[in-house]
Amino acid sequence: MPLDVDAVVVSNTHLSNDYNVLVLAAPAVASQVQPGQFVMVKPGVGDDPLLRRPFSVFEVLRDDARVTGLSLLNKRVGVTTRMLFALTPGDRIRCLGPLGRPFSVTEPPERAWMVAGGVGLAPFATLAAALRERNVKTTLFYGGRSATDLFHLDEFRQRGVSLTLATDDGSRGVQGNVTVPLARAFCDADRATPIRVYACGPTAMMRAVTELAATHGRAIEVSLEQVMGCGLGGCYSCVIPVQRDSGPARLVRSCLDGPVFDGGTVVWEQLG
Amino acid sequence: MSVDLSVDIAGLHLRNPFIAASGCFGYGVEYADLVDLSTLGGVAVKGLFLDAREGHPPTRIVETPSGMLNAIGLQGIGVRRFVAEKLPLLRAHGAVVIVNICGSTIDEYAEVARILDDADGVGALEVNISCPNIKKGGMMFGCSLQGTRDVVAAVRRVTRRPVIPKLTPNVTDVASFAAAARDAGADAVSLVNTFLAMAIDVETRRPKLSNVVGGLSGPAIRPIAVRMVHECRQAVDLPIIGMGGIMTTGDALEFIIAGATAVQVGTANFVDPFIWNKLVTGLTDYLQRHGLATVSDLVGTLDITDRDTVWTSS
Ligand SMILES: Cc1cc2nc3c(=O)[nH]c(=O)nc-3n(C[C@H](O)[C@H](O)[C@H](O)COP(=O)(O)O)c2cc1C
């Protein structure tokens, strides 16, 4: 059951000039989070900016076994993300959640390939933790502009995740899009080993990953980012064109039916 | 002192004057886990045509200073599926249901109204002649006095339910539209729907909405909406449901004092889905503080003695 809390900012760690990790004391929300779910947050109490913004839950934080809060991975791009970048410990923000349909966490013998582009890394920390609990062999394919845009690599390694990195400028890992090493891995993978692919990042990247997965006959789930009004199914703003059977594509609300979709059902050419 | 928040409007009894605005609360059932729907004055559901509609492609909303533009395009399941699937749930939750009805033609409005007249659990029909972002129907009727009269009369003929036309603010003299609605048999009017508006991405020189234009809602429109409620109240003897940018009890009070018997809250519900309790508490406090026993003691009590109103439209 989603809750709306006035969450205290515990810490705000700037990872670079654009990226930060914001830790919120929101245990009642955090303890319900499943991998891939999101929260609607609003820093500030005024009317401008007015609406909340959706954010994937990055980490669920624990003190021993007790859940203490959650974190958000933020990239400074617009008004709200600039405010989130500038928050200091003790500040409060509204945090409503958890919301949305989570990833389906696979079980062995299936392997998990998580494919992240930029801030699309956000849903994969909680997914990696859930996969680890189930002893699923997991690889993270992670792309960014340059080495300084790749974060939390040690944390993923500590969770037993194998890393394959790519940067636009070649400063770390393979030079080029993350789909370059991914395509190679698809070709090299043993046909008999079942693999489930999870992707989050720019739309063009998720589309390319979905096409690769289809070519190689692998299951794929994508976490889509769409402009959202309410996060609760009230406004019909965040629709995604989806085709689940024959007949025309349907526009479905990504806050309720997503943000996680079977990549094969998304009608990418209509997604804009 | 105990106060009575209930109001009667157009033959409807509402527990309190706070109604969820159409298009901002889905079909109501989406919120049933979060909010006790029976504690709202009413629920105005998403606009319904006869058949299902897909609406406009995304991008459907964009935020603007203290407001937002939307061009949803009235995506919906159609009135028959609504009656079969949603209405029974709304009744079970104890909601007072106001059904927002749409049509591309006058016949379609009448057909939708007729179907709802046969259904159990419909409190009133809010006739949407004011949607600013669809090609046929909507504002096309609401921007013409004759269109307004024709739609309202056609709906009036086929229903026993209260008929509440929802007026557009995209006209010069909204009070004349309230008068036209009254003459055609309306029981009340609701106003305002959104203001036709536009936002442009200057880097790409493309409109920010896929539909190019959309409707502006939220706090940015509130003062204009209050003025329009005031004008209707002064000119026409017909109950009013007021709305436009209500975020707090104080905002709602402006509408009530200007002459609205009930109010709707749309965009604010996106920001705070738990707003309803706060509005009820705030109104109770206000009435107690001012020694008023009922909401109707407050409706239309604007004091403009010694103030000249100069209409600038001529
Ligand atoms: C996303 C969105 C969808 C809407 N859909 C409808 C609709 O289906 N029918 C209708 O009569 N009004 C619709 N409206 C208008 C609202 O009901 C209301 O009249 C308007 O938003 C002003 O109130 P507010 O500022 O409190 O939102 C919609 C508004 C928004 C923001």
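The values are calculated or read from the model by the stated rules, or taken from the named source; none is laboratory data. Because the structure is a prediction, the values reported are computed rather than measured. Neighbour counts are summed over all protein chains in view; Cβ atoms, including those assigned to glycine, are modelled from backbone coordinates with ideal geometry.
B:VAL271 meets all of the listed conditions (1) closer than 28 Å to B:THR294 by Cβ; (2) among the hydrophobic types (A, V, I, L, M, F, W, C); (3) within 12 Å of the ligand (Cβ to nearest atom); (4) out of contact with any Pro (no Cβ under 8 Å at 6 or more places or on another chain) but one, namely (1). Of the residues making up region B:111-132, not a single one is out of contact with any strand residue (DSSP E or B) (no Cβ under 8 Å at 6 or more places or on another chain), within 15 Å of the ligand (Cβ to nearest atom) and outside any loop (DSSP other than H, G, I, E, B). Going by what's in this entry, would B:ILE101 be described as surrounded by 24 or more Cβ atoms within 10 Å (Cβ to Cβ) and under 15 Å from B:VAL158 (Cα atoms)? It is true that B:ILE101 is surrounded by 24 or more Cβ atoms within 10 Å (Cβ to Cβ) and under 15 Å from B:VAL158 (Cα atoms). Please count how many residues of region B:133-176 are of a type in the set (Asp, Glu), out of contact with any helix residue (DSSP H, G or I) (no Cβ under 6 Å at 6 or more places or on another chain) and in a helix (DSSP H, G or I). Of the residues in that region, 0 qualify. Checked against the criterion of being part of a strand (DSSP E or B) and either among the β-branched types (Val, Ile, Thr) or free of Cβ contacts under 8 Å to residues at least 24 places away in the same chain (or both), region A:74-85 has no qualifying residue. Within region A:211-224, the set of residues being surrounded by fewer than 21 Cβ atoms within 10 Å (Cβ to Cβ) and either among the hydroxyl-bearing types (Ser, Thr, Tyr) or within 14 Å of chain B (Cβ to nearest Cβ) (or both) comprises A:THR215, A:LEU224.
Residues checked against (1) free of Cβ contacts under 8 Å to residues at least 40 places away in the same chain; (2) crowded, with 19+ Cβ neighbours inside 10 Å; (3) part of a loop (DSSP other than H, G, I, E, B):
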position: A:ASP6; (1), (2), (3): no, no, no
position: A:SER11; (1), (2), (3): no, no, no
position: A:SER16; (1), (2), (3): no, no, yes
position: A:ASN20; (1), (2), (3): no, yes, no
position: A:VAL29; (1), (2), (3): no, yes, no
position: A:GLY36; (1), (2), (3): no, yes, yes
position: A:LYS42; (1), (2), (3): no, yes, no
position: A:ASP48; (1), (2), (3): yes, no, yes
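Just checking, does region A:192-210 include any residue being on the phi > 0 side of the Ramachandran plot and within 14 Å of another protein chain (Cβ to nearest Cβ)? The answer is no, given that none of the residues of region A:192-210 is on the phi > 0 side of the Ramachandran plot and within 14 Å of another protein chain (Cβ to nearest Cβ). If the condition is being among the aliphatic types (A, V, I, L, M) and more than 18 Å from the chain's Cα centre (by Cα), then region A:141-165 contributes only A:ALA147. Exactly one residue out of A:GLY263, A:GLY217 is outside the structural domain of A:PHE141 (by TED's automatic domain parsing) and more than 16 Å from the ligand (Cβ to nearest atom): that is A:GLY263. Restricting region B:55-92 to residues that are more than 14 Å from every other protein chain (Cβ to nearest Cβ) and more than 21 Å from the chain's Cα centre (by Cα), the residue that is farthest from B:ARG15 (Cα to Cα) is B:ARG80. Kindly evaluate B:VAL99 against the criterion of being of a type in the set (A, V, I, L, M), away from chain A (no Cβ under 14 Å) and part of a helix (DSSP H, G or I). Answer is no for this residue. Look at A:ARG52 and say whether it is in contact with a strand residue (DSSP E or B) (Cβ under 6 Å, 6 or more places away or on another chain), within 14 Å of chain B (Cβ to nearest Cβ) and surrounded by fewer than 19 Cβ atoms within 10 Å (Cβ to Cβ). Against the criterion (in contact with a strand residue (DSSP E or B) (Cβ under 6 Å, 6 or more places away or on another chain), within 14 Å of chain B (Cβ to nearest Cβ) and surrounded by fewer than 19 Cβ atoms within 10 Å (Cβ to Cβ)), A:ARG52 does not qualify.
Put simply, of B:VAL236, B:VAL280 the only residue that is out of contact with any Lys or Arg (no Cβ under 8 Å at 6 or more places or on another chain) and β-branched (Val, Ile, Thr) is B:VAL280. Can you say whether B:ASP33 is more than 12 Å from the ligand (Cβ to nearest atom), of a type outside the set (Ser, Thr, Tyr) and in a loop (DSSP other than H, G, I, E, B), as far as the supplied structure shows? Criteria met by B:ASP33. Checked against the criteria, B:ILE241 does not count as within 12 Å of chain A (Cβ to nearest Cβ), within 12 Å of the ligand (Cβ to nearest atom) and closer than 19 Å to B:ASN170 by Cα. Can you confirm whether region A:238-252 contains a residue that is among the aliphatic types (A, V, I, L, M), within 14 Å of chain B (Cβ to nearest Cβ), without any contact (Cβ under 8 Å) to a residue 12 or more places away in the chain and surrounded by fewer than 19 Cβ atoms within 10 Å (Cβ to Cβ)? No - not one qualifying residue is present in region A:238-252. Of all residues in region B:184-225, count the ones that are near the ligand (Cβ under 8 Å from one of its atoms), within 14 Å of chain A (Cβ to nearest Cβ) and outside any helix (DSSP H, G or I). Number satisfying all stated conditions: 4. Taking the condition without any contact (Cβ under 8 Å) to a residue 24 or more places away in the chain, within 16 Å of the ligand (Cβ to nearest atom) and buried (at least 21 other Cβ atoms within 10 Å of the Cβ), does A:GLY234 pass? For A:GLY234, the condition - without any contact (Cβ under 8 Å) to a residue 24 or more places away in the chain, within 16 Å of the ligand (Cβ to nearest atom) and buried (at least 21 other Cβ atoms within 10 Å of the Cβ) - is met. Among the residues of region A:55-73, count how many are in a loop (DSSP other than H, G, I, E, B) and either within 14 Å of chain B (Cβ to nearest Cβ) or modelled with pLDDT of 95 or more (or both). Qualifying residue count, region A:55-73: 2.
Just one of the listed residues (B:ALA110, B:ALA92) is among the hydrophobic types (A, V, I, L, M, F, W, C) and free of Cβ contacts under 8 Å to residues at least 24 places away in the same chain, namely B:ALA92.
The rows are residues; the columns are (1) more than 14 Å from every other protein chain (Cβ to nearest Cβ); (2) in contact (Cβ under 8 Å) with a residue 60 or more places away in the chain.
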| position | (1), (2) |
| --- | --- |
| B:ARG15 | yes, yes |
| B:ALA21 | no, yes |
| B:PHE25 | no, yes |
| B:TYR31 | no, yes |
| B:VAL35 | no, yes |
| B:GLY41 | yes, yes |
| B:VAL45 | no, no |
| B:ARG53 | no, no |
